[in-house]
Amino acid sequence: MIRQARAFHDVPVCLISYMGVVILIIRKADMNDIDGITHVHIESWKTTYKGIISESYLSNLSFENRKKNWSDIFSNLKQDESVFIAENTNGSILGFAMSGRNRNHEFDHAGEIYAIYILSEFQGQGIGRLLFQETIGSLMEQGYESMMLWVLADNPSLGFYQRLGGTVIGRENIKIGEDHLIELAIGWSELVKG
């Protein structure tokens, strides 16, 4: 069950029932959140891409390397880029999303979700939808009226994006480690905060 309210400083607070009542906070991330974001990033890759990306690649994901990447991202965050986190009342980060200007010039969509990841044990609880909605709101505040994202064709989250109104607008072959994969471009031609 999800109920949404507004708290101080217009930070969304959501109550989610998961093995008892848990208060979930969706807020903009900062440098202090890098360790938690790194943890979610690595763990969600290991669970989401198991059977899609080779086990050897996933088992060699480095916390220190990914943490350095996130430190670089936060040190160079552009004005139109946002990172949102979902955290519980203990301050544990359960998921995150990042967005900004579309980096893909072959598509006309103005904004892009660069990443959205939720720890596997918290998927299906509405957290991804809440992060998605906050991301759309942020893109709209930047004046973006459309957006896109990339998702591996075999990613189980593809259906999530399609249920949220996204349509396949392109595809490309990519290589992660030694794996040759198909990545789909999913687009929304009109953004609506919902």
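The values are calculated or read from the model by the stated rules, or taken from the named source; none is laboratory data. Predicted model, so just to flag it, every value in this text is computed and none were measured. Virtual Cβ from ideal backbone geometry, glycine too; neighbours counted across all protein chains shown. Just the protein is used for accessible areas: all its heavy atoms, side chains included, with ligands, DNA and RNA removed. Shrake-Rupley method; radii C 1.70, N 1.55, O 1.52, S 1.80 Å.
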(message) Would you confirm, using the coordinates I've provided, whether Phe96 is part of a strand (DSSP E or B) and of a type outside the set (A, V, I, L, M)?
(response) yes
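A quick yes/no check of all residues on (1) of a type in the set (Asp, Glu); (2) surrounded by fewer than 16 Cβ atoms within 10 Å (Cβ to Cβ):
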site	(1), (2)
Asp80	yes, no
Phe84	no, no
Phe107	no, no
Glu121	yes, yes
Ser146	no, no
Pro156	no, yes
Phe160	no, no
Leu164	no, yes
Val168	no, yes
(message) Among the residues that make up the range 112-122, is at least one of them among the acidic types (Asp, Glu), closer than 21 Å to Ile85 by Cα and over 12 Å from the mean Cα position of the chain (by Cα)?
(response) yes
(message) Looking at the structure I just gave you, is Leu191 modelled with pLDDT under 95, open to solvent by 30 Å² or more (accessible area, probe 1.4 Å), of a type outside the set (Phe, Trp, Tyr) and closer than 22 Å to Asp80 by Cβ?
(response) no
(request) Please enumerate the residues belonging to the range 152-168 that are in contact (Cβ under 8 Å) with a residue 24 or more places away in the chain and more than 20 Å from Ala97 (Cβ to Cβ). (result) Ala153, Asp154
(request) Could you please let me know if Val151 is assigned to a strand (DSSP E or B), touching a strand residue (DSSP E or B) at 6+ places or on another chain (Cβ under 8 Å), surrounded by fewer than 16 Cβ atoms within 10 Å (Cβ to Cβ) and of a type in the set (A, V, I, L, M, F, W, C)? (result) no
(request) For the range 100-129, enumerate the residues that are without any contact (Cβ under 8 Å) to a residue 12 or more places away in the chain and among the charged types (D, E, K, R). (result) Arg103, Glu121
(message) Given the criterion of a type outside the set (Lys, Arg), closer than 19 Å to Leu77 by Cβ and modelled with pLDDT of 95 or more, identify the matching residue among Glu141, Glu112, Glu134.
(response) Glu112
(request) Within the range 175-190, identify whether any single residue is on the phi > 0 side of the Ramachandran plot, over 15 Å from the mean Cα position of the chain (by Cα) and not hydroxyl-bearing (Ser, Thr, Tyr), and answer yes or no. (result) yes
(message) Going by what's in this entry, would Ile85 be described as more than 30 Å from Glu178 (Cβ to Cβ), at pLDDT 95 or above and in contact with a Lys or Arg (Cβ under 7 Å, 6 or more places away or on another chain)?
(response) yes
(message) Just the residues that are over 18 Å from Met98 (Cβ atoms) and at pLDDT 70 or above, please, taken from the range 17-39.
(response) Ile23, Leu24
(request) Please find, within the range 23-47, the residue that is nearest to the chain's Cα centre (by Cα) out of those that are of a type in the set (S, T, N, Q) and open to solvent by less than 20 Å² (accessible area, probe 1.4 Å). (result) Ser44
(message) Quick check on the range 169-188: of everything there that is touching a residue at least 40 places away in the same chain (Cβ under 8 Å) and part of a strand (DSSP E or B), which residue is farthest from Tyr49 (Cα to Cα)?
(response) Trp188
